[in-house]
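Only one structure is covered here, and it is reproduced in the block below.
The values are calculated or read from the model by the stated rules, or taken from the named source; none is laboratory data. Values in this document were obtained by computation on a predicted structure and should not be read as measured data. These accessible areas exclude ligands, DNA and RNA; they are computed on the full protein's heavy atoms, side chains included. Shrake-Rupley method; radii C 1.70, N 1.55, O 1.52, S 1.80 Å.
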Amino acid sequence: MAYVETNFPAPAYMNLNVWINLNAAVGPRDPNHTNDVVTVQGFLNGIFANDPAYPNGVPVTGRFDSLTGRAIRDFQRRWRRMARAATGVRDGAIDGRVSPARGLGYQRGSALWTYTIIHLNIEYREYDPQGYADLLALNGYTPGGALAGPGSGADGVSSSPAAAAATAGH
């Protein structure tokens, strides 16, 4: 089940003190736990909401399928291009999977790459700030920074795809 990560705050330039992490990987031949898949699909659905390549969005079903895999790869490609344009550094694998972050990044050769789940958090927060705040609340995070019980402070009603999907997945 996805959860609010507080052990690995992202660097200050990311402005991501807490973020949603996964318990298990989502992708081909991965565990694909329903709540983790729902979280990834909700992020992708919000990010690709107005993308002509996804006229019906990314359905939030809780099952990993070929459309989810394609959306993950498309997101990874887009993020890599954006990171390279902004920093000149290639960041992130294009492998169609989203792994739980076990730190801020992982070693690949001589470079430290950021996990896709962190990129999804950053991008979704940009596309739907209120939905992202709702999703954090549904997972027990209160704006003061303390974690309360799951769902604390949330009535389960949200207009955001990821937060609505998380509510449906409970």
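Quick rundown of the values:
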| read-out | value |
| --- | --- |
| Amide H contacts under 5 Å for ALA2, placed H, 5+ residues apart | ASN23, ASP36 |
| Potential extension, ASN50-ARG77 segment - 0.36 nm per residue separation minus Cα distance | 8.0 nm |
| Surface accessible to a 1.4 Å probe, per residue, for the residues of segment 33-86, Å² | 49 Å² |
| Difference of contour (0.36 nm per residue) and Cα-Cα distance, ASN23 to GLU126 | 34.7 nm |
